[in-house]
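A short write-up of the structure that comes next.
None of the figures in this text is laboratory data; all of them are computed from the coordinates on show. Every value quoted in this text rests on a predicted model; they were computed, and no experiment measured them. Methodologically, a virtual Cβ is constructed for each residue, glycine included, from the backbone with ideal geometry; neighbour enumeration extends over all protein chains shown.
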Amino acid sequence: MKIHLIHGIHSSQPGGTVGKLEKYFDDYEVLVHNYGYALALTARFLNPNRAEKISKVVDPDDVLVGHSNGCTIASMIEKKQPVQGLILINAALDTDTEFKNSEWVDIYFNRGDEVVHWSKIFIAHPWGEMGKVGDGDKPHVTNIDCGPDTWGHSALFDDKNLPFWGPFIAGRVNDHNTRRIKSQTSG
């Protein structure tokens, strides 16, 4: 199993956001994907190629971890091929996004995320305010409200918040993986 970290736009490298999670996944091979800096207007056209490129190294047992537009790319990959799970942090995704090729989805959101709130104005794009409001009630989706202490679009990665959220996220992956192994061996 590999962990794939996929950053959002306005970042020339993922080290300021999801790249900070790498150190918490000691037990796994971690791939930190860097697709380069992008603007909101160009992301719509570049995301399909980014998703295609990353998907070539994704296996069905892998977990995709995205932040903002990285969640959009992770969702595009999951629509075309199975993955074990998705971790979507401040997802720039519509709240009606369907997840059909993953065993589980953890959505980290907070009501202070105004960036994704405004992203929903892009017509004919999968962006929306999932990172602000979560994703409703779906059987294999867990909505995790990070507020009020973790407030804003990238606040989970702040130095004051990451010591809690980094181990929490890694622990959730371990729990999901343990349940998966138990169900495979008992079945």
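Numerical summary
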item: Members of K100/K160; K138/K182; K23/K138 lying beyond 26 Å, as alpha-carbon distances in this model show; result: K100/K160; K23/K138
item: Helix-only [θ]222 nm of the chain, DSSP H runs n ≥ 4, -39500 (n - 2.57) each, per residue, nearest 500; result: -10500 deg cm²/dmol
item: The chain: most fluctuating residue of R111, R172, R50 per GNM, C-alpha cutoff 10 Å; result: R172
item: Spin-label pair W151/K100, simplified geometry with 7 Å Cα→Cβ offset, distance in nm; result: 4.0 nm
item: Peptides ranked, highest mean first, by Cβ atoms within 10 Å: ranges 83-96, 22-35; result: 83-96, 22-35
item: Computed lengthening from K138 to K182, 0.36 nm per intervening residue step minus Cα-Cα distance; result: 13.5 nm
